[in-house]
Ligand SMILES: C[S@@+](CC[C@H](N)C(=O)[O-])C[C@H]1O[C@@H](n2cnc3c(N)ncnc32)[C@H](O)[C@@H]1O
């Protein structure tokens, strides 16, 4: 029997409310209407904050989860401040291939633990829009060498809370070791770069 969406959500929300707090912190500084989240798996939390989110994943459990639209909407509605009647779209696809998302149509692109999302999905992000990316799979480092992006904020975390800061941004993304970061290096390692000052995640503005 297929697992219920509720059960899958409980498994996903292992650190209860952590992703909700993350997206709330981002939503406090990024006024995004439309969000694209490739490699989302079951992470529904952007919909607790943003009115229209397109989720993309190849995993069939993600497809089964999002197919239970009634339960998905019920989970969203349990979160204080959730947008009324949020649009939740799931696309069962490989994000390295062409997605059914128009160019420059989204305000926020999310890349969390899902590989080089920024490399493939940036065309969907409007110029002036924001990439939220964490460092672990190397995609933050990839964005840091991508001329389409400039660092616009860092997500700092303490005691399970998250906040976005734009102070002293030039002190971030400095590799601990004297290496030259290239796309080839990141593809080879598939890992993040060690930085002298770390952040939970980074916000980059698309500048071109
Ligand atoms: C480690 S999980 C992270 C899930 C979610 N972003 C989170 O932080 O909770 C990585 C997810 O990315 C998906 N993924 C990886 N590469 C993908 C690709 N090329 N296209 C679509 N989904 C992909 C996997 O199927 C998996 O569900």
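All of the numbers you see were taken from the coordinates with simple rules; none came from a lab. Since this is a predicted model, take the numbers as computed values, not measurements. With ideal geometry, Cβ positions are generated from the backbone for all residues, glycine too; neighbour counts draw on all protein chains shown.
Quick notes on this structure:
- In plain terms, the residue of 15, 137, 79 with the fewest other Cβ atoms within 10 Å comes first and the most crowded comes last, giving 15, 79, 137.
- Per-pair calculated FRET efficiency, R0 = 30 Å: residue 4 and residue 126 via Cβ, rounded to 0.05: 0.25
- FRET efficiency for the pair residue 93 and residue 165, taken as 1/(1 + (r/R0)^6) with r the Cβ-Cβ distance and R0 = 41 Å, rounds to 0.75.
- Residues 132, 112, sorted so that the one with the fewest Cβ neighbours within 10 Å comes first: 112, 132
- With R₀ set to 22 Å, the beta-carbon distance separating residue 188 from residue 113 gives a calculated FRET efficiency near 0.70.
- Shape of the stretch 5-206, Cα gyration tensor, a/c cut at 1.5: prolate
- Sorted fewest first by neighbouring Cβ atoms within 10 angstrom, 53, 193, 89, 26 come out as 89, 193, 26, 53.
- Take every DSSP beta bridge whose two residues both sit in the chain; close to 45 percent of them are antiparallel.
- Virtual paramagnetic centre 7 Å along Cα→Cβ of residue 15, amide N under 20 Å, in the stretch 111-144: 111-115, 132-141
- Between 0 and 90°, nearest 10: helix 18-27 axis offset from the chain longest Cα axis: 70 degrees
- If you take the Cα centroid of the stretch 175-204 and the Cα centroid of the stretch 1-48, the two points sit 25 Å apart.
- Sum of -39500 (n - 2.57) over DSSP H runs of 4+, divided by residues of the chain (222 nm, nearest 500): -6500 deg cm²/dmol
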